[in-house]
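For reference, the structure discussed in these notes is given below.
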Amino acid sequence: MKRSFGVIGLMVLGTLVFGVMVAAQQQVTITFWHTYSVEEAKFLVTRVIPAFEALHPNIKVKEVTIPYDVYREKLLTAIAAGEVPDVARVDIIWVPELAKMGVLSALDLLMPDFGDYKDRMFPGPLATNFWAGHYYGLPLNTNTRVLVWNKEMYDAAGIKGPPQTIEEFRAVCKAIKALGPDKYGFVDGGTYGWAVLPWIWSFGGDITDPNMIRATGYLNGPDTVAAYEFLRELFAEGHISPMIVGEAIIGAFEGYAQNVYANLLEGPWVGPIMKSMFPQKELHLALVPAGKGGSVSVVGGENIVLFEGSRNKEAALEFIRFMLSPSVQLAMADVGLITALAPLAKLWENDPYLGVFMEQLKTARPRLVHPAWAKIEVVLTRAGQEILLGVKTPQQALDDAAKQIDQILAEQ
């Protein structure tokens, strides 16, 4: 569903109100770094920034587009040189690391109206900004993974609809396998956190305790072990594509279009990608199959942060407020970016596509909000590979991984 909200038109009244307030203020320029795609950046430059500058004629915004694959390195280089941007759109998994480095401003301390924004956010995306007692950013856009199910393959196997529970998912995989040895009930790209956390959480497991002090008793606890035993069983029986261990027989989207894969977990980008690559193939979405822990998926997206080194913090905060305003958030949805503002989700609740993602976001959780997440994920990924390839049992692999993660956590 496409909604066009016309940012500039919505902001005309604001221009009249705020123009007087800022007229006498000194002209400043703030720098905004981001990784928006070509289409998203074009919208930012031609619609969003002009609307902001119309509201705040004393503030100019210099936007800088940086490719994602070099963005983190460029940020770290800028930090070392003391030449940081004022505001940045960053991957949610980077916020704790940057906060621990002391380079981000705690927004809950700087913004008297921080609570107004905090209270309107989905809890999963919001949690990605919390570190050591403070919030160092706010969700700028979000996403999550949902089940993408292949109706053609379901129909051929005599399955009436998508599985609501993990046990139903297991039965679906077995029914799909009956269609032929080259058919798979599920495909995913690996055993990194983005892939396995929906299963761990839905089984009722976790990686660490809530305070992120230890993994022992959690990563190697009975519920997490059960999640990995479930994945190992499906893989051993040929229900999961060997892509999960790096042996690609066909790409996930191509395999879905050609009726090789019956299910995958994907984010909201799956629609535009499939429409572009395989326009004849219909997409069908459902929530992640529920287990002991419910139907829980993983949160993705980007946060907006303010650097402590900014010389124009008040102007930068005005830009942050503007980017998080309902009108801008709705307008950015026109280029495929999902808002983290929970009240706006009602606009899409009956949408057969985005409505599923909005519903899943109610229970979606962030990857471990910890500065050492990158190191922890390496351990988690390796343990998953060892389990699926039969190098270790799930209990052995997770016992070993928990000890390694305990050491990583103790070093922080």
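The values are calculated or read from the model by the stated rules, or taken from the named source; none is laboratory data. What you see is a predicted model, and the numbers here were worked out from it, not measured in a lab. Positions of Cβ are generated from backbone atoms using ideal geometry, with glycine treated the same way; all protein chains shown enter the neighbour counts.
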Checklist entry - Can you pull out the residues in the range 329-358 that are farther than 21 Å from PHE130 by Cα and either aliphatic (A, V, I, L, M) or not assigned by TED's automatic domain parsing to the domain that holds LEU126 (or both)? => result LEU330, ALA331, MET332, ALA333, VAL335, LEU337, LEU344, ALA345, LEU347, LEU354, VAL356, MET358
Next on the checklist: When you check ALA401 against the structure, is it modelled with pLDDT under 95 and either more than 20 Å from the chain's Cα centre (by Cα) or assigned by TED's automatic domain parsing to the domain that holds PRO139 (or both), yes or no?
Outcome noted: no
Next on the checklist: If I filter the range 120-129 for residues that are part of a strand (DSSP E or B), surrounded by 16 or more Cβ atoms within 10 Å (Cβ to Cβ) and not assigned by TED's automatic domain parsing to the domain that holds ASN263, do I get at least one hit?
Outcome noted: yes
Checklist outcome for this item: Within the range 167-193, restricting to residues that are in a loop (DSSP other than H, G, I, E, B) and charged (D, E, K, R), the one that is surrounded by the fewest Cβ atoms within 10 Å (Cβ to Cβ) is ASP182
Checklist outcome for this item: Of PRO67, PRO112, PRO96, the only residue that is loosely packed, with under 15 Cβ neighbours inside 10 Å, assigned by TED's automatic domain parsing to the domain that holds ARG311 and farther than 15 Å from ILE320 by Cα is PRO67
Checklist outcome for this item: In the range 152-166, anything within 26 Å of the chain's Cα centre (by Cα) and either crowded, with 16+ Cβ neighbours inside 10 Å or assigned to a helix (DSSP H, G or I) (or both) is listed as PRO162, PRO163, ILE166
Checklist outcome for this item: All conditions in (1) outside the structural domain of ALA248 (by TED's automatic domain parsing); (2) touching a residue at least 12 places away in the same chain (Cβ under 8 Å); (3) of a type outside the set (A, V, I, L, M, F, W, C) are true of GLY133 except (2)
Item to check | Scan of the range 221-249 for residues that are touching a strand residue (DSSP E or B) at 6+ places or on another chain (Cβ under 8 Å) and in a loop (DSSP other than H, G, I, E, B), ordered by number | outcome: GLY238, HIS239, SER241
Next on the checklist: Give me the residue from the range 1-51 that is among the charged types (D, E, K, R) and in a helix (DSSP H, G or I) and, out of that set, modelled with the lowest pLDDT.
Outcome noted: GLU39
Checklist entry - Inside the range 194-213, can you point out the residues that are surrounded by fewer than 16 Cβ atoms within 10 Å (Cβ to Cβ) and touching a residue at least 12 places away in the same chain (Cβ under 8 Å)? => result ILE213
Next on the checklist: Tally up the residues in the range 260-299 that are farther than 19 Å from GLU168 by Cβ and under 20 Å from the mean Cα position of the chain (by Cα), please.
Outcome noted: 11
Checklist entry - Got at least one residue in the range 301-319 being more than 16 Å from VAL146 (Cβ to Cβ), of a type outside the set (A, V, I, L, M, F, W, C), in the same structural domain as ARG170 (by TED's automatic domain parsing) and surrounded by fewer than 22 Cβ atoms within 10 Å (Cβ to Cβ)? => result no
Item to check | Residues (touching a residue at least 12 places away in the same chain (Cβ under 8 Å) and surrounded by fewer than 18 Cβ atoms within 10 Å (Cβ to Cβ)) located in the range 348-358 | outcome: ASP351, PRO352, TYR353
Item to check | Residue match in the range 50-60 (condition: β-branched (Val, Ile, Thr), out of contact with any Leu (no Cβ under 7 Å at 6 or more places or on another chain) and surrounded by 15 or more Cβ atoms within 10 Å (Cβ to Cβ)) | outcome: yes
Checklist entry - Since HIS370 meets every condition but one in (1) in contact (Cβ under 8 Å) with a residue 24 or more places away in the chain; (2) over 20 Å from the mean Cα position of the chain (by Cα); (3) not in a helix (DSSP H, G or I), which condition does it not meet? => result (2)
